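What follows is a short report on a single structure.
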Amino acid sequence: MDKIFNELARVDWRFVEKAERINGRALAELTRPGALRELLNGVLADRRLIGLSERHSWGDRIVLWDDPENQWRIRLHRFEDRADEPHSHRWPFHTRVLRGSYHHAMYGPEPWVRTVLNAGKPLPQPSIVRTERAGSSYALDDEMVHYVKTEADTFSVIIQGPRLKQQALRVRDGAIAWQGGRTTQSAEAVRAVLTTPDRLAEVMELAYRFGLLDAAR
């Protein structure tokens, strides 16, 4: 996997088409059952990666790889049957759906959404609506405001690019709520969502049952 990681560390996210080609090839390799099990076993053996992983009401976020120097990550997501609020991100990303599906709506760039809501107008209808199914792969930049409604036990893997801003927009009750990362949260809030090795083992068992991992050796 070193070759893949070295290539990902050099991705220039400003050039979307080239970044998509590199990330797409990487995700095709990293989500093979053997490779995904190897990555998850690596998390189990690395207290730092477990400490970066989280268990939320919407599901599980497992950090499979973290490159703090170049500021990119690989993450596994397992979703509950939930609808999220429209939101943007602090970083661009490329994702591949491994199992399940979700309703995906895209509204437009963050500055435009912000202008509409600050004028006291309701959030417009999304410009793109589609269903992301197993095998779907797509990339979004840090400005796109989107919404997802997932079915239970939907799995995806994302390559998260560098953090380009301190806060991301979230639409809550028709108004703007800004959201930062862990550095903006209290220690209690961070502890409340930390995952555990036992929970990680449960996610791995689910992934194995759904055919996303090969058999343990």
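The values are calculated or read from the model by the stated rules, or taken from the named source; none is laboratory data. On a predicted model such as this, the values are computed, not experimentally measured, just so you know. Every residue, glycine as well, gets a Cβ built from its backbone with ideal geometry; the counts of neighbours run over all protein chains shown. Heavy atoms of the whole protein, side chains included, go into the accessibility calculation; ligands, DNA and RNA do not. Shrake-Rupley method; radii C 1.70, N 1.55, O 1.52, S 1.80 Å.
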Failed criterion for Ile158 (all others in (1) surrounded by 15 or more Cβ atoms within 10 Å (Cβ to Cβ); (2) at positive phi hold): (2)
Looking only at the stretch 180-217, and only at residues there that are outside any loop (DSSP other than H, G, I, E, B) and polar (S, T, N, Q), the one that is least open to solvent (accessible area, probe 1.4 Å): Thr184
Selected residue (criterion: most open to solvent (accessible area, probe 1.4 Å)) from residues of the stretch 161-177 that are under 12 Å from Leu117 (Cβ atoms) and of a type outside the set (Asp, Glu): Arg172
Number of the condition not met by Arg209 [criteria: (1) modelled with pLDDT of 95 or more; (2) in contact with a strand residue (DSSP E or B) (Cβ under 8 Å, 6 or more places away or on another chain)]: (2)
Inter-residue pairs, beta-carbon under 7 Å, first under 20 Å from His77 (Cα atoms) and in the stretch 6-31, second among the hydroxyl-bearing types (Ser, Thr, Tyr) and outside any helix (DSSP H, G or I), 6+ apart: Gly24/Ser137; Leu27/Ser137
Residue in the stretch 124-137 that is nearest to His87 (Cα to Cα), counting only those that are surrounded by 15 or more Cβ atoms within 10 Å (Cβ to Cβ) and touching a residue at least 24 places away in the same chain (Cβ under 8 Å): Glu132
Among the residues listed as Ala201, Ala216, the single one being modelled with pLDDT under 95 and under 30 Å from Arg32 (Cβ atoms): Ala216
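Quick one: which strands (runs of 3 or more DSSP E) lie wholly within the stretch 99-147 and hold at least 1 residues that are of a type in the set (Gly, Ala, Ser)?
101-109, 137-140
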